[in-house]
Every structure is written in C-alpha cells, then in structure tokens.
Amino acid sequence: TGFVYITDENAFGIADFEAFYGNPGDRFVVGDWDGNGRDSFGIFRPSDTTFYLSNAIGDAIADIEIVTGTPATVPIAGRWD
C-alpha cells in the first residue's frame, strides 16, 4: 500500500508513527543519507532500478535519486565506514 509503520522499540505493538512512502513492490530502506546523524526513509523501486531517499521522516518526496542495480537488487542495511 505504500504505508510505513514504525515503532520506537524492537517489539510487536501499535506503531508510534506511520507515513506513506513508496508503492507496492518497493523495497524499504532506512539510513542517514545526508550525514546529519539521523536515519530517514528510502525505497528501492525495482521497476526503474532507482533508490529514492528522503532526508526527513515522513517526507514523501525524495531528496536523492540514485539509479543503480537490477530489478533483482536486494538492498541491505549497514554502517560502511
């Protein structure tokens, strides 16, 4: 549906925050895209092999677009420094 549900704990329960971001079939990612120390939303859209990354949680418009990969690309999370 494109909705993202977030909790402040690693546990089952009612979401603390929800936002619309992406389309069905998109692959959700989280990271600090602008180096400000805060994680925010992003998605990888297999249909156009593009990452759409936002610098603010709840901002449904991407600040950064990166075309890379193939439709089979599976994004992974990590700290790479």
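Just a few scattered comments:
- Residue, modelled with the lowest pLDDT, within the range 6-23, restricted to residues that are open to solvent by 80 Å² or more (accessible area, probe 1.4 Å) and farther than 29 Å from Asp81 by Cβ: Phe20
- Whichever residue in the range 61-81 is assigned to a loop (DSSP other than H, G, I, E, B) and hydrophobic (A, V, I, L, M, F, W, C) and, among such residues, is surrounded by the most Cβ atoms within 10 Å (Cβ to Cβ): Ala62
- Residue pairs meeting the criteria (Cβ under 9 Å; at least 6 apart or on separate chains; first of a type in the set (S, T, N, Q), in the range 23-42; second assigned to a strand (DSSP E or B)): Asn23/Ile43; Asn23/Arg45; Ser40/Val30; Ser40/Gly31; Ser40/Leu53
- Tallying residues that are surrounded by 12 or more Cβ atoms within 10 Å (Cβ to Cβ), among the polar types (S, T, N, Q) and under 23 Å from Ala72 (Cα atoms) within the range 24-60 yields 3.
The values are calculated or read from the model by the stated rules, or taken from the named source; none is laboratory data. Note that the structure is a prediction, hence the values are computed from the model and not measured. Cβ sites come from the backbone with ideal geometry, for glycine too, and all protein chains shown count toward neighbours. Note: areas computed on protein heavy atoms with side chains; ligands, DNA, RNA excluded. Shrake-Rupley method; radii C 1.70, N 1.55, O 1.52, S 1.80 Å.
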